[in-house]
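Student: Structure in C-alpha cells, see below.
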Amino acid sequence: MPQAPGDYAPASSRRSTKPRVNAARLWTGGLVSALIAAGLAIVAYLVIHGIFNLPMLGVRPDGGAVSATMAGYAVGAGVAALLATAVMHLLMLGTPRPFFYFGWIGGLCTVIAVLIPLITTQHWDVKGATAAANLVLGIAITVLVQGTAHTAIQYPNRQQYPPVG
C-alpha cells in the first residue's frame, strides 16, 4: 500500500518503494473510455433526436445555443473522456488523494454540463433531454476513467494479476 494516499511514483522510477502509475495502461483505458463515451453520446442522440424528435443542444463559442450534430456530440464526449484521463494522470502524479479530487472534479464538470442546456431559452423538453444525456455521459466518463486509473497502479514486489490456468 502507498505510504500516503496518492503517493505514486512515475512508471520510470523502477527502484522506488512507492506504487507506480502505469501510464500506458491508464491512457489505453482512457482511449477505450473515450470510445465508450462517444458510443453513449450516439445512443443518446439517437434516442433524443431519432425517437423523441427533439434537437440536442450545443453551445457556440459566443454562448448561443445551437442544434448539435450526432458526430459533434460524440466527438465532444470522446474529447471530454480524454481530458478526464489527462486530469486523472496529473492528479495521480502530484496530489494526495487523487481519486477523491477526481471525483469532485468529475462531479463539478458533470453539474456544469447539466446546467448549461438548462439556462438556454429553448423549450423545457429540449433542455431537459440534453441535460439528462449530459448527466449520463458525465457519470459514465467519471466512473470509467476512475476505474481505469485504479487498474493503472502498480505496487512494487507484488504480482499484478493471478496466473491464468
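Student: Regarding region 92-103, can at least one residue be identified that is among the hydrophobic types (A, V, I, L, M, F, W, C), without any contact (Cβ under 8 Å) to a residue 60 or more places away in the chain and crowded, with 20+ Cβ neighbours inside 10 Å?
Tutor: Checking region 92-103: at least one residue is among the hydrophobic types (A, V, I, L, M, F, W, C), without any contact (Cβ under 8 Å) to a residue 60 or more places away in the chain and crowded, with 20+ Cβ neighbours inside 10 Å.
Student: Condition first: in contact (Cβ under 8 Å) with a residue 24 or more places away in the chain and more than 28 Å from residue 54 (Cβ to Cβ). Can you find one or more residues in region 123-146 that meet it?
Tutor: Checked against the condition, which is being in contact (Cβ under 8 Å) with a residue 24 or more places away in the chain and more than 28 Å from residue 54 (Cβ to Cβ), region 123-146 yields at least one hit.
Student: When you check residue 151 against the structure, is it among the hydroxyl-bearing types (Ser, Thr, Tyr), surrounded by fewer than 19 Cβ atoms within 10 Å (Cβ to Cβ) and at pLDDT 90 or above, yes or no?
Tutor: Spelling it out, residue 151 is indeed among the hydroxyl-bearing types (Ser, Thr, Tyr), surrounded by fewer than 19 Cβ atoms within 10 Å (Cβ to Cβ) and at pLDDT 90 or above.
Student: Are any of the residues in region 117-125 closer than 21 Å to residue 46 by Cβ, buried (at least 20 other Cβ atoms within 10 Å of the Cβ) and modelled with pLDDT under 95?
Tutor: Yes: one or more hits.
Student: Follow-up question, since we're still on this one. Which members of region 52-88 meet the condition of being farther than 12 Å from residue 137 by Cβ, β-branched (Val, Ile, Thr), at pLDDT 95 or above and surrounded by fewer than 20 Cβ atoms within 10 Å (Cβ to Cβ)?
Tutor: Result: 75, 87.
Student: Let me ask something else. Can you list the helices (runs of 4 or more DSSP H) lying wholly within region 65-165 that have 1 or more residues being more than 21 Å from the chain's Cα centre (by Cα)?
Tutor: 98-118, 124-151
Student: Checking the structure you have, find out if any residue of region 154-165 is closer than 21 Å to residue 38 by Cβ, of a type outside the set (A, V, I, L, M) and surrounded by 13 or more Cβ atoms within 10 Å (Cβ to Cβ).
Tutor: Scanning region 154-165 turns up no residue that is closer than 21 Å to residue 38 by Cβ, of a type outside the set (A, V, I, L, M) and surrounded by 13 or more Cβ atoms within 10 Å (Cβ to Cβ).
Student: How many residues, within region 23-64, are out of contact with any Phe, Trp or Tyr (no Cβ under 8 Å at 6 or more places or on another chain), part of a helix (DSSP H, G or I) and not basic (Lys, Arg)?
Tutor: Within region 23-64, residues that are out of contact with any Phe, Trp or Tyr (no Cβ under 8 Å at 6 or more places or on another chain), part of a helix (DSSP H, G or I) and not basic (Lys, Arg) number 24.
The values are calculated or read from the model by the stated rules, or taken from the named source; none is laboratory data. Given the structure is predicted, the values throughout are model-derived calculations rather than measurements. Heads up, the Cβs are rebuilt from the backbone with ideal geometry, glycines too, and the neighbour counts pull from every protein chain shown.
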